[in-house]
Amino acid sequence: MLAGLGGLLGGGVAWRRGARTMASLGRGLSRRLWTVSARLLLPLLRVLAPGHLARLAATALGRGEHDLARRAATLASARDPCALEPLCALLALAPARGAASRDAVLALFLARCPASGAALHLQASRLAGESGDYASAHAHCLRGLDCAADAGELLALRTQRAYLAGDSGEVRNVLEEVETAVQGGASLAVETLLGAARLAEEAGHIDRARALLELAAGRSAAHPRALDRRLLLDARHLPLDELRAELAGYLARGGRYADAARPLAVFLAYYQDRDDARVLALAAAAPPGVRAVRVHAALAHARRGERRQALAALAGAGAQACAELAAARAEVCRMTADAAGQVAALNAWNARHAVAPVRALAAAGDLRLPVAAAAVAPEPESPLVSVIMPVYKAGPLLDMAVASLLAQSYAKLEVLLLDDASPDDTAERLARWQVADARVRLLRMPRNGGPYLAKNAALVECTGELIAFADSDDWNHPQRIARQVRMLAERPDAEAVCVRYVRVDADGHIIFRRTAVKTAWQTLLLRRRALAALGFFMPLRAGADTELVERIQARFGAAAVLVDPAVTLLAQYQASTLTGGGALAMTWRPVGGARQAHHLAFRRWHRRQLALGGSLYVPHPLPAPPYPVPQVLRV
């Protein structure tokens, strides 16, 4: 690298080329090497190529290097106090210190550079929207529209307003204007193209969204988000053969296109084609430290019986420990006939968080359900926690699921078991639990209406200050509830806590779908005050857990929902469940179809209500959903 710096300093043309490279390079260098090089070059940029400081600031901001971005933007702003790019970068750095700080910075910039008012209000609107403050985002958007004079700025602000609160007619008009501008050769800002692509996807115009993202990705190497979003859209919506051809084209283009497409190509080779040789070839070409690629290389080695190479691949996945690497190590052990190693790998991760170890009950010694945990001491018991479990057609794991709740170290529980009008002996099986433990209450639905109508009925009946949920085929670690209660007690500003989980199949293998460790939205534990503010679940067949969690985040901020970093839930993978098979099945591809349509619809409803001062309260019973719900999800 020192020789390279000498070369850069040796000539003006070489220096400018090197400065441009460092200012815009996003994927070609490892994160650490890029950061070290950029920090070394920053003083030289200030003297020899100050015009590139703004680009470096934007690139550093996109890579999450906030200190470097702030230093570069500050230097660029000192050189040209009204240069828009460094001002926007500095404004983007302000929200980390709170909205009041952001508004104070914005007021300072507006006073200094009144001619940039529209662009600065647009940036403030985008930042507020990203943080979930949709009311402020809408207000800034309207202020920007009041002072916009440039046609590009006006279209960008209208795109933002359509995203926040526009009706379908406004969205259609904006998309047509963006398309006309692009066809006319207008050079729209990348952020405008990204915003228009987001509108197009929500409106169901997938081909238009893909075209806009392709245009944005080709416009600037400093915007890897455009390329990543294009690939996400492709993975979600394209037929498999078209996706395969698209990925092949990106890999052939090389550079950042190949780096962006490689993880998705690895997923396709591993899950769809089961082509381990292809997985390993793709991994060999990947930059070091791309975790998803290394994890799947390890799984491919393990599937071939190559344990040593699998563990070596995990060692190259990054020095920072994480639950996903622990799960990968566990599954490598299970795939190479080391059942004890599988359990030990999961326990090693949980030990970092003071979680008692799991013990296998199966003769094979692996994680197949049911499992047990080491004895744990009782926890302080205040306040009362109501735990709600809906049940329909009790399966073989029902008794395990109920027993795991009653064995919680936090014993001050009220466990409400909801029989959703099962046609079999479910009610009788649940009644036995009510007799066995005074904390259990059995409720029966008059007709089958799905898990969320059942949960809503229990919410009316429960008495706890805190309310939690559990599924009837999951194993809950005995410390699950206690940890959730403690996390809420330590964060009085938070409203809810979820836990993380892995799915295991009947043979004890950990299920990977791109990742293995996921947040279990169905384990939500929340304060009663959150329900008082937001009401009940949407009465759907599936997906209402996700909607309620995001409704809490929309209303109270992303930090209002905490996630326990330990793995305190094990779920059984079954092909017959909603996630395992059928139209709503979850696969290695990103969520699509009816689930994705539902996500887009309820997020649009959240934004509009908050932007325009409306309410997110959902009553029970609910006469009709406040947003379009796909037919397959309706009760």
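Readers should treat all values here as calculations from the given coordinates under stated rules, not as data from a laboratory. Note that this is a predicted model, so its numbers are computed, not measured. We place every Cβ from the backbone using ideal geometry, glycine too, and count neighbours over all the protein chains shown.
Structure data summary
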{"item": "Built amide H within the under 5 Å cut-off of Leu562, gap 5+", "result": "Glu495, Ala496, Val497, Cys498"}
{"item": "Considering only the range 371-633, percent of DSSP beta bridges that pair antiparallel, nearest 5", "result": "35"}
{"item": "Mean separation of Cα contacts under 8 Å, 6 or more apart, over the residue count of the range 371-633: relative contact order %", "result": "19"}
{"item": "Size of charge dipole - the range 243-360 - debye, nearest 20, with Cβ of Lys, Arg +1 and Asp, Glu -1, no other charges", "result": "120"}
{"item": "Full-stretch length increase - Glu490, Ala375 - with 0.36 nm per residue and alpha-carbon distance subtracted", "result": "38.9 nm"}
{"item": "Where labels lie 7 Å past Cα in the beta-carbon direction, separation of Leu48 and Val36 in nm", "result": "2.0"}
{"item": "Rg and Dmax [Cα atoms of the range 203-357; Å; Rg one decimal, Dmax integer]", "result": "17.8, 52"}
{"item": "At most 14 other Cβ within 10 Å, DSSP loop - trypsin sites (Lys or Arg not before Pro), the range 430-475", "result": "Arg447"}
{"item": "Whole-angstrom gap from the range 149-208 to the range 399-428, using each part's C-alpha centre", "result": "50"}
{"item": "Formal net charge of residues neighbouring Asp425 (Cβ-Cβ distance under 15 Å; K, R +1; D, E -1)", "result": "-1"}
{"item": "Cut-off 13 Å between beta-carbons: net charge of the residues surrounding Ser168, Lys and Arg +1, Asp and Glu -1", "result": "-1"}
{"item": "The chain: relative contact order in percent, alpha carbon pairs under 8 Å with at least 6 residues between", "result": "10"}
{"item": "DSSP beta bridge pairing in the chain, given as percent antiparallel to the nearest 5", "result": "40"}
{"item": "Potential extension, Tyr617-Arg219 segment - 0.36 nm per residue separation minus Cα distance", "result": "139.1 nm"}
{"item": "The range 278-361: GluC sites (Glu not before Pro) in DSSP coil with no more than 14 other Cβ atoms inside 10 Å", "result": "none"}
{"item": "Rh (Kirkwood; distinct C-alpha pairs) - the range 221-277, Å", "result": "11.5"}
{"item": "Neighbourhood charge, 15 Å Cβ-Cβ cut-off, centred on Pro565 and excluding it, Lys, Arg +1 and Asp, Glu -1", "result": "+4"}
{"item": "Alpha-carbon Rg with Dmax, taken over the chain, Å", "result": "26.4, 86"}
